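The values are calculated or read from the model by the stated rules, or taken from the named source; none is laboratory data. Everything numeric here is computed off the predicted structure, so don't read it as measured data. Using ideal geometry, Cβ is built from the backbone for each residue, glycine included, and neighbour counts are taken over all protein chains shown.
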Amino acid sequence: MNQTKRKGAASLLLNVKRYWPLYVMFIPGAIYMIINNYMPMAGLVVAFKQYNARKGIFGSPFIGLKNFEFLFKTPDAYVITRNTILYNVVFIVLNITLSVIFAIMITDTAKKFLQKTYQSMILFPYLMSSVILSYIVFAFLSSDNGIMNNSILPALGMSKINWYSEPKYWPFILVFVNAWKGVGYGCLIFISNINSIDLELYEAADLDGASRLQKIKYITMPFLKTSIITLVLVNVGHIFYSDFGLFYQVPRNSGLLFPTTNVIDTYVYRGLMENNNIGMSAAAGFYQSVVGFVIVILANWIVGKFDEDSTLF
Amino acid sequence: MKTRKGETGYQLFINTVMIIVVIIIVLPFLLLFMSSITEESVLLTNGYSFFPAKFSAASYAYIIRSSQKIFQAYGITIALTAIGTIANVLLAALMAYPLSIKRLPGRKIMAFFVFFTMLFNGGLVPSYLIWNGVFHVKDTFWGQLLPNILCSAWNVVMIRTYFTTSIPESLYEAAEIDGAGQFRIFSKIVLPLGKPILVTMGTFSGLAYWNDWTNGLYYIQQKKTLFNIQNLLNQMVSNLQYLSQQGTMTSEMAAALPRTGVQMAIAFVAILPIMLVFPFFYKYYAKGITVGAVKG
């Protein structure tokens, strides 16, 4: 390729001389990434140390696997791992299923302006910060002022519920909030996929007398298959990470809810900032980084099997 | 687009479902807004409601009249969003352009350097210790601006892909023959022709800065004048939590905790700009999501 452009067979040195400003352009961002990304990678070593603020990460003494021993002796290690993974599994299945269903409905809507309205409305909650989500949920669930306890439950003849101190309701609340916020994202991806399907296929199917469901099953779904698998795998790649805001802000950091709202990210944050337990926090963070890395690599490798264009590398 | 006879039933069905979906999306925002214009005494007796017994603009009057703190936080949010977005897009474009030049020696290594940050990260603890312990961003504007969101590999990859697919390399060569240097090519060809992707990535980063509350949570400890609007909202939540756990709060906390109606009004004021610019930026934002999906 590009044979004509390579006619001079410029040597490496000449190329470097010609392009040196490009390296200069690259430098500011590279410095930022060294500070923001690469130094913390090296800083992961803090998980094996007894951290001392005065000595810094690299000056603090090594204590081997002590932090990990402490972490895995507590029941927390199991709870946060279980919560992180289970929530993610439910989020992936529910959000992608709803996204596909709504995407099909939206693209089938006959009126163009309704199509446009639906698809922009459904994305809107995705733009909200988790602090705002927390306020919105609070307006529904606040024990004293919430619309649930004041209007909806009494109307149904049910007694009030102390939402922020009853862990059992939170898996449902968080799954709902996450779907409310996130479905529009997947929806948009599938809509653009469906719009790229050749309309003649549907017309041909119409001529053959195919039913609505048959067209979805034999034309739309096969087209969406690659995107669905890719999106699932990309999300699976992040299965060890959670949306910190969803689990920290929406339950309003309520300690009584930790059994069902504590995930690795919130645990790491609380260890570091609230409980002053940097050792265990660092160990949990290290565990997340390393296991997360392995899972990303695996997921990406599997993505490559389905669709080479969708891999990250 | 696929209408034909006998489809009225199906159209009715999907429109009904979608209208219900839209209602489920809109109602929470409506409740937030209604709560902010409900009179405080009604709020305390009847709670939040879609149909408040008594309206009042007192919460908004309070924000305008007496709260310097809210204006300050709003100012921080606006400054962060403006500076952060420009810096973010510029840094990413400056990294993306070299990566789009196929004959640049060392390009593969540079691409891997950017890309690897998407696969592996040190997480909160080392990031916090390094930004704080080594670079001392705590309680400075830098603490809000720099960590995490200033430049992401994702933006670089998206912009790079656009440059390689949408700007023909022959343009660069023609400019070089005319004697233009690389910086000139970047500012006169790459930036103008890359505008669609730069605006798209700008909407993402603008939203990220507008919505960010984590940097304030981690890096702003004492100097509360550096709080952005999200941090202010977050602080009111934690003060309420403290109150419910301890049964009491310090006078400083009490002063920082406005009435419930005012809290809802601040929350509404924080999302109002997003609502206002959404129609104009939707196209770019949506484009970013669908293009991004193709590449992972």
In segment A:244-271, anything over 22 Å from A:ILE85 (Cβ atoms), at the interface with chain B (Cβ under 9 Å from one of its Cβ atoms) and assigned to a helix (DSSP H, G or I) is listed as A:GLY255
Quick one: count up the residues across segment A:64-102 that are among the aliphatic types (A, V, I, L, M) and within 11 Å of chain B (Cβ to nearest Cβ). 2
Residue that is outside any loop (DSSP other than H, G, I, E, B), without any contact (Cβ under 8 Å) to a residue 12 or more places away in the chain and either more than 22 Å from A:GLY245 (Cβ to Cβ) or among the basic types (Lys, Arg) (or both), where the choices are A:SER192, A:SER227, A:SER159: A:SER192
Residue count, segment A:82-137 (criterion: of a type in the set (Phe, Trp, Tyr) and crowded, with 22+ Cβ neighbours inside 10 Å): 4
Got a sec? Which of A:VAL137, A:VAL131 is under 14 Å from A:ASN253 (Cα atoms) and facing another protein chain (nearest Cβ under 7 Å)? A:VAL131
Taking the conditions exactly as written (at pLDDT 95 or above, within 20 Å of the chain's Cα centre (by Cα) and more than 30 Å from B:MET158 (Cβ to Cβ)), does B:LEU198 satisfy them or not? no
Does B:PHE13 satisfy the criteria of being under 34 Å from the mean Cα position of the chain (by Cα) and either over 22 Å from A:ASP144 (Cα atoms) or of a type outside the set (Gly, Ala, Ser) (or both)? no
From the list B:ILE167, B:ILE159, which residue is under 26 Å from B:ALA286 (Cα atoms), crowded, with 23+ Cβ neighbours inside 10 Å and more than 10 Å from chain A (Cβ to nearest Cβ)? B:ILE159
Count of residues meeting criterion [outside any helix (DSSP H, G or I) and either surrounded by 15 or more Cβ atoms within 10 Å (Cβ to Cβ) or small (Gly, Ala, Ser) (or both)] in segment A:272-303: 1
Right, B:TRP154: free of Cβ contacts under 8 Å to residues at least 40 places away in the same chain and buried (at least 16 other Cβ atoms within 10 Å of the Cβ) or not? no
Being out of contact with any His (no Cβ under 6 Å at 6 or more places or on another chain), at the interface with chain B (Cβ under 7 Å from one of its Cβ atoms) and β-branched (Val, Ile, Thr): is that true of A:ILE122 here? yes
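Let's see how each residue does on (1) closer than 18 Å to A:MET280 by Cα; (2) in contact with a strand residue (DSSP E or B) (Cβ under 8 Å, 6 or more places away or on another chain); (3) modelled with pLDDT under 95:
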| residue | (1), (2), (3) |
| --- | --- |
| A:LYS7 | no, no, yes |
| A:LEU12 | no, no, yes |
| A:MET25 | no, no, no |
| A:ILE31 | no, no, no |
| A:ILE34 | no, no, no |
| A:ASN37 | no, no, no |
| A:PRO40 | yes, no, no |
| A:PRO61 | yes, yes, yes |
| A:TYR87 | no, no, no |
Does A:TYR218 meet the test of being surrounded by fewer than 22 Cβ atoms within 10 Å (Cβ to Cβ), away from every other protein chain (no Cβ under 12 Å), hydroxyl-bearing (Ser, Thr, Tyr) and farther than 26 Å from A:PHE172 by Cα? yes
Are any of the residues in segment A:58-79 among the β-branched types (Val, Ile, Thr), touching a helix residue (DSSP H, G or I) at 6+ places or on another chain (Cβ under 6 Å) and assigned to a helix (DSSP H, G or I)? no
Mind checking which helices (runs of 4 or more DSSP H) fall wholly inside segment B:1-114 and carry at least 2 residues that are away from chain A (no Cβ under 11 Å)? B:58-66, B:68-100
Evaluation of B:GLN182 against (1) more than 30 Å from B:SER127 (Cβ to Cβ); (2) facing another protein chain (nearest Cβ under 8 Å); (3) among the polar types (S, T, N, Q); (4) loosely packed, with under 14 Cβ neighbours inside 10 Å (one fails), failing number: (4)
Given the conditions (1) facing chain B (nearest Cβ under 9 Å); (2) surrounded by fewer than 21 Cβ atoms within 10 Å (Cβ to Cβ), report the number of the one that A:ILE229 does not fulfil. (1)
For segment B:122-142, how many residues are more than 7 Å from every other protein chain (Cβ to nearest Cβ) and under 14 Å from A:MET273 (Cβ atoms)? 3
Only residues that are modelled with pLDDT of 90 or more and surrounded by fewer than 16 Cβ atoms within 10 Å (Cβ to Cβ): list them for segment B:279-296, please. B:PRO279, B:PHE280, B:LYS283
Inspect segment A:294-310 for any residue being more than 11 Å from every other protein chain (Cβ to nearest Cβ) and touching a Leu at 6+ places or on another chain (Cβ under 7 Å) and give the result as yes or no. yes
